[in-house]
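Structure record follows, encoded as structure tokens.
Any read-out appearing in this document is the output of simple, stated calculations on the displayed coordinates, not a laboratory observation. Remember, it's a predicted structure, so these values are computed and weren't measured experimentally. Using ideal geometry, Cβ is built from the backbone for each residue, glycine included, and neighbour counts are taken over all protein chains shown.
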Amino acid sequence: GAAELGPYRHYMQKEIFEQPRAIADTLEGVEGITPELFGDGAYRVFREIDRVLILACGTSYYSGSTAKYWLESIAKIPTSVEIASEYRYRDSVPDPRTLVVTISQSGETADTLAALKHARSLGMRHTLTICNVATSAMVRECELAYITRAGVEVGVASTKAFTTQLAGLFLLTLALAQVRGTLTREQEAEHLKAMRHLPVALQSVLALEPQVVAWAEAFARKENALFLGRGLHYPIALEGALKLKEISYIHAEAYPAGELKHGPLALVTAEMPVVTVAPNDALLEKLKSNLQEVRARGGELFVFADSDTRIDSGEGLHVIRMPEHYGALSPILHVVPLQLLAYHTACARGTDVDKPRNLAKSVTVE
Ligand code: G6P
């Protein structure tokens with residue numbers, strides 16, 4: 001009811017603004033990195049595996065896709081990520097030394113549960129879930145678990161569940177890195193410190209809302225949008241596009257920026273806004289040349305740039321600068337303005353934000 005919503009217009013907006021609290025709660029009680037954060041016996045399990053297979057649907061699939069970058073670069077563990085409804089029905093080559101990781105807000109998604117059972121039937125008995133509901137079927141079915149503390153999520157379009165999943169997955173990365181000896185104690189402590197700073201950092205990203213509202217007016221008049229990201233931020237571009245299509249019904253697609261020239265560039269006109277996630281990482285220079293390709297074709301660019309990037313607003317180029325640069329955890333911050341953009345665009349179009357047409361909060365049947 002209205003009382004619960006407080007100053008917010010919709011649950012989705014309230015849940016976006018709850019993210020600093022949700023992340024702080026998810027990290028509460030984490031005194032240091034240890035495999036036992038994931039349950040008794042996790043150390044032994046982590047010693048017995050040499051690859052990770054992530055299974056999930058929807059937004060949870062994108063948190064898994066982000067985690068693949070962390071797991072391979074930080075914990076040096078080969079990782080694959082599969083859409084649960086695909087994995088459960090395809091022939092695959094099982095490896096018993098795999099940690100099967102399911103990711104689910106509800107813990108009741110039929111395809112994800114079935115994919116987990118399928119993996120187990122192929123002889124992969126080590127299972128772990130990152131889940132927001134402690135009493136769910138998923139948590140009961142898995143050997144190990146990390147319970148995110150997003151709290152009840154009402155909006156069909158997932159927001160705080162996604163960022164808390166990322167926090168849980170980053171902890172998993174650090175725990176696996178510890179067991180595999182791929183980080184020094186100092187590096188581990190630095191990562192943990194950066195995690196603890198996330199609630200404060202998120203607060204300053206949320207303060208960008210008025211700037212995003214100004215962009216949403218222009219977006220609300222479009223029927224198509226393209227999202228670009230590279231590396232660790234490619235899954236964030238995918239999640240931004242998903243949010244926009246789910247609640248504003250604008251057709252949105254995401255591409256890794258380097259693929260632009262292999263197809264989507266043909267779609268770029270003045271009518272196609274191009275949203276870009278531009279953290280100041282190793283791929284920035286390449287991303288800048290991708291942006292020029294869009295500009296040269298009259299495309300209008302909307303860039304979320306990091307504080308220390310030298311990308312400035314100009315003709316056909318709109319820039320919102322993120323408050324700080326955040327290294328490996330940057331996806332957790334960069335997704336927030338994309339959530340806000342989808343939210344305010346949907347508001348401007350007058351859609352039913354919390355209950356978009358044809359979609360359900362949790363899909364418990366196939
Ligand atoms: C539905 C929801 C999405 C969610 C997906 C997976 O499609 O609308 O927001 O990401 O299910 O749900 P889960 O509970 O498994 O994370």
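Below are the figures for this structure:
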| read-out | value |
| --- | --- |
| Inter-residue pairs, beta-carbon under 8 Å, first touching a residue at least 60 places away in the same chain (Cβ under 8 Å) and in region 124-138, second part of a loop (DSSP other than H, G, I, E, B) and acidic (Asp, Glu), 6+ apart | Met124/Asp95; His126/Glu48; His126/Glu143; Leu128/Glu143 |
| Sole residue being part of a helix (DSSP H, G or I) and either of a type in the set (Gly, Ala, Ser) or touching a Lys or Arg at 6+ places or on another chain (Cβ under 7 Å) (or both), chosen from Ala189, Ala150, Ala225, Ala134 | Ala189 |
| Leu265 being surrounded by 21 or more Cβ atoms within 10 Å (Cβ to Cβ) and touching a residue at least 12 places away in the same chain (Cβ under 8 Å) | no |
| Some residue of region 102-110 being in contact (Cβ under 8 Å) with a residue 12 or more places away in the chain, away from the ligand (no atom under 15 Å from the Cβ) and either in a helix (DSSP H, G or I) or among the aliphatic types (A, V, I, L, M) (or both) | no |
| Test: residue in region 70-85 that is of a type outside the set (S, T, N, Q), assigned to a loop (DSSP other than H, G, I, E, B), in contact (Cβ under 8 Å) with a residue 40 or more places away in the chain and over 20 Å from Gly231 (Cβ atoms) | no |
| Within region 120-145, considering residues that are more than 19 Å from Gln165 (Cβ to Cβ) and of a type in the set (A, V, I, L, M, F, W, C), the one farthest from the ligand (Cβ to nearest atom) | Leu122 |
| Selection count where residues are touching a strand residue (DSSP E or B) at 6+ places or on another chain (Cβ under 9 Å) and more than 15 Å from the ligand (Cβ to nearest atom), scope region 83-93 | 2 |
